[in-house]
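Please read the structure below before turning to the comments.
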Amino acid sequence: MTETLPRAARTGGRWIERWDPEDETFWKESGERTARRNLLYSVLSEHIGFSIWSLWSVMVLFMGPQYGIDPAGKFFLIATATFVGAFVRVPYTFAVARFGGRNWTVVSALLLLAPTVAALVVMEPGTSYGTFLAVAALTGVGGGNFASSMTNINAFFPLRQKGWALGLNAGGGNIGVPVVQLAGLLVIATAGAAHPRLLLAAYLPLIVIAAALAWLRMDNLAPVRNDTGAVREALRDAHTWIMSFLYIGTFGSFIGYSFAFGLVLQTQFGRTPLQAASLTFIGPLLGSLIRPVGGRLADRYGGARITLGAFVAMAAATAVVVFASMRESLPVFLTGFVALFVLSGLGNGSTYKMIPGIFQAKALARGMTGEDAAAYGRRLSGASMGLIGAVGALGGLGINLVFREAFLTSGSGTAAFVTFLGFYALCCAVTWAVYLRRPAATAVAAPPGAEAKPQLTTV
């Protein structure tokens, strides 16, 4: 099977008409090189998207008393950005098949100019809270970039490498969170907290560069089509909603904590903007870097095992945070909170590996074999990823709303962390009961080469 790149065959240029990554000869001759190139520029665009989506986790550090916004109001600004970012993930997922992965990457990157320019205009004392809310909502478009990027890259790679590829794609995107926080730290440390516009202005050329590189270097896959039948089937499948729930626990935790970390340090531990900014980036950075490791471990040992281990450890880390919050011990609090970031990043990689594995294992259980089973897995996983990503991102909204309520009622985040501890315990139970308790029946838990010989992959 050969790869063709006709520039004029379709509107928008750079279309690949035939794509079969499961064919090892095709993959070695040309497929892998093309897939890796598209992965690189997808990561860049998604990285900028995450930075813009998480912009208000940094902007609130610039908003001193002269802005007249209390901690609860700041948490709500962050929650608004989180909610819109989760909501737009669904249409962004389907945009890849409608317009082409390369074409939509260009459009979605350029859309990031709108919230960045808007924040550049309004970011000053005296601006109404409603205006800040509207601009924070605009930054949600950055959250949609994740869904379209993951859907696009999922189609480029063979099932045996999806854990690594999706983990690297998502991890490179997630790093956009600590990068914008580090950039905010640099501005606060050099120019002071009165100059947020310097940070915003720096991102304008980066957005244009990401869009231009996507236009010049990425490709559209013609075989990728919106499949309404697959969407309906994914909506009816219980695994779509079970994985959405688990993804709330992994990615929802990562993005929720990333947005809230600096504000918690300021509100509960009395850190200055500079002190908070100097600590905020550490957790998101480590959580982003380890995400591909979670995918690679899931490729080798099975995603369900890695996911369960991540949730057990997250519960333990949350217990440490509860203890530190009650004792008002900042060093212990930081240790536990950073561990939560690392473990959520690990779980992010393993849960996304589980999605294509689940649907291919179902195909094998129905008697499909070879390419038929692989095609079914790609079809259903592609349809479900946007839904799972959108619901999972709502976990970030939940975290910020729980923090808001906890600080409103008690002035401390302890009650919020107790709530999160209970949720992680529930995630442990669901992962074990559905994907590990009876692996022979579900045919999805064993790593490659283990006892379930008929299957091609694992959850």
Q | Normalised convex hull volume, region 207-350, alpha-carbon set, Å³ per residue | A | 166 Å³
Q. Highest mean first, what order results for 17-24, 166-173 on Cβ atoms within 10 Å?
A. 166-173, 17-24
Q) So between Ala191 and Asp227, what do we pick up on full extension, going 0.36 nm a residue minus the alpha carbon distance? A) 7.9 nm
Q) Given a cut-off of 16 Å, what percent of all Cα-Cα pairs of region 244-317 lie beyond it? A) 58 percent
Q) Any idea what the alpha-carbon Rg over 2.2 N^0.38 Å comes to for the chain? A) 0.95
Q.
Given all pairs of different Cα atoms, what value in angstroms does the Kirkwood hydrodynamic radius of region 98-249 take?
A. 18.0 Å
Q: Give the Debye-formula value of log10 I(q)/I(0) at each listed q (0.13, 0.17, 0.19, 0.26 Å⁻¹), with one equal scatterer per alpha carbon of region 58-140, two decimals each.
A: -0.48, -0.72, -0.84, -1.27
Q | Range of Cα positions in region 150-215 per principal axis (Å), largest first | A | 49, 24, 13
Q. Relative to the first principal axis of the alpha-carbon coordinates of the chain, what is the inclination of helix 71-87, with its axis defined by its Cα atoms, in degrees from 0 to 90 and to the nearest 10?
A. 20 degrees
**Q.** FRET efficiency, Glu17 to Arg437 (Cβ-Cβ, R0 41 Å, nearest 0.05)
**A.** 0.40
Q | 23 Å Cα cut-off, lysine pairs counted over the chain (separation 8 or more, or different chains) | A | 8
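As a test of understanding, state the convex hull volume per residue of region 277-386 from its alpha carbons, in Å³. Walk me through the numbers on the way to the answer.
Numbers: hull volume 12.3 nm³, N = 110.
Once divided by residue count, the hull of region 277-386 is 112 Å³.
Restricting to Cα pairs below 8 Å that are 6+ residues apart, what does the relative contact order work out to for the chain? Please round to a whole percent.
23 percent
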Q: Report, to the nearest 10°, how far helix 330-365 tilts away from the longest principal axis of the Cα atoms in the chain, using its own Cα long axis and a range of 0 to 90°.
A: 20 degrees
Q. Whole-Å semi-axes of region 370-437's equivalent ellipsoid, largest first, each the root of 5 times a Cα gyration tensor eigenvalue?
A. 36, 16, 5
Q: Note down, for region 187-246, the three equivalent ellipsoid semi-axes (square root of 5 times each alpha carbon gyration tensor eigenvalue), biggest first, whole angstrom.
A: 41, 23, 8
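FYI, it's all coordinate maths here, none of it is from the lab. Note that the coordinates shown come from a computational prediction; the quantities given were computed from them, not determined experimentally. A quick note on method: Cβ atoms are made from the backbone with ideal geometry, for glycine too, and the neighbour counts reach across all protein chains shown.
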